[in-house]
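Scroll down for the structure; my scribbles are underneath it.
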Amino acid sequence: MIGRLNHVAIAVPDLAAATRQYRDTLGARVSQPQALPEHGVTVVFIELENTKVELLEPLGEKSPIAAFLEKNPAGGMHHICYEVNDIVEARDNLLASGARVLGDGEPKNGAHGKPVLFLHPKDFCGTLVELEQV
Ligand code: CO
């Protein structure tokens with residue numbers, strides 16, 4: 001069901017510092033910051049030849065990554081995003097197999113303007129999984 005690795009996301013306490021580190025130390029191409037209030041994060045994307053890395057900084061009071069950063073103050077790997085062709089079909093198959101979809105189960109528009117869903121980390125080897133329809 002899953003296709004390509006779309007991105008790996010890293011939660012960071014300071015997006016500007018993380019951007020400098022990736023851009024200036026690693027020589028990466030880093031996008032402009034994008035505020036996503038409906039997801040409670042500001043993101044930048046690092047464009048690699050074969051995939052992307054997403055850096056996430058909390059935005060607003062109730063950011064879903066705030067608790068993660070409390071546990072991991074230096075930042076850390078937050079989720080991994082796989083591409084799917086049909087997100088509703090993927091969701092229905094996952095629910096039928098007993099996996100848990102976070103939130104209300106309805107796809108939301110992600111950072112690329114495409115529908116995304118998140119799957120419970122306890123069902124996937126301790127890793128938060130994002131599915132993105134491409
Ligand atoms: Co993501």
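The values are calculated or read from the model by the stated rules, or taken from the named source; none is laboratory data. Just so we're clear, the structure is a prediction, and the values are computed from it rather than from any experiment. Cβ sites come from the backbone with ideal geometry, for glycine too, and all protein chains shown count toward neighbours. Keep in mind that these areas ignore ligands, DNA and RNA; they rest on the heavy atoms of the full protein, side chains included. Shrake-Rupley method; radii C 1.70, N 1.55, O 1.52, S 1.80 Å.
Before moving on, here are some points about what is shown:
- At the listed q of 0.21, 0.23, 0.24 Å⁻¹, the Debye profile of region 22-125, built from one uniform point per Cα, gives log10 I(q)/I(0) equal to -1.33, -1.45, -1.49.
- Shape call, region 1-78: gyration tensor on alpha carbons, a/c limit 1.5: oblate
- If the chain linking residue 21 and residue 120 were pulled fully straight, counting 0.36 nm for each residue of separation and taking away their Cα-Cα distance, it would gain 32.6 nm.
- Helix-only CD estimate at 222 nm, as mean residue ellipticity for the chain, using -39500 (n - 2.57) per DSSP H run (n ≥ 4): -4000 deg cm²/dmol
- For region 48-103: rounded, prolate or oblate by the Cα gyration tensor [a/c cutoff 1.5]: oblate
- About the Cα centre, charge dipole magnitude for the chain (Lys/Arg +1, Asp/Glu -1 at Cβ), debye: 240 debye
- Springs join every pair of Cα atoms under 10 Å in this Gaussian network model of the chain, and among 95, 56, 69 the largest mean-square fluctuation is at 95.
- Highest average first, the peptides 26-35, 42-51 ordered by how many other beta carbon atoms sit within 10 Å of their residues are 42-51, 26-35.
- Computed on the chain, with alpha-carbon pairs under 8 angstrom and 6+ residues apart, the relative contact order is 25 percent.
- With the whole protein complex present, residue 24 retains an accessible surface near 100 Å², based on a 1.4 Å probe.
- Per-residue accessible area (protein heavy atoms, 1.4 Å probe) orders 122, 62 as 62, 122, starting from the largest.
- DSSP finds beta bridges in the chain, and of those with both partners inside it, around 70 percent are antiparallel.
- Residues 125, 81 ordered from highest to lowest accessible area at a 1.4 Å probe: 125, 81.
- Projecting the Cα atoms of 25, 55, 5 onto the charge dipole of region 5-133 (Cβ charges, centred on the Cα centre) puts 25 farthest toward the positive pole.
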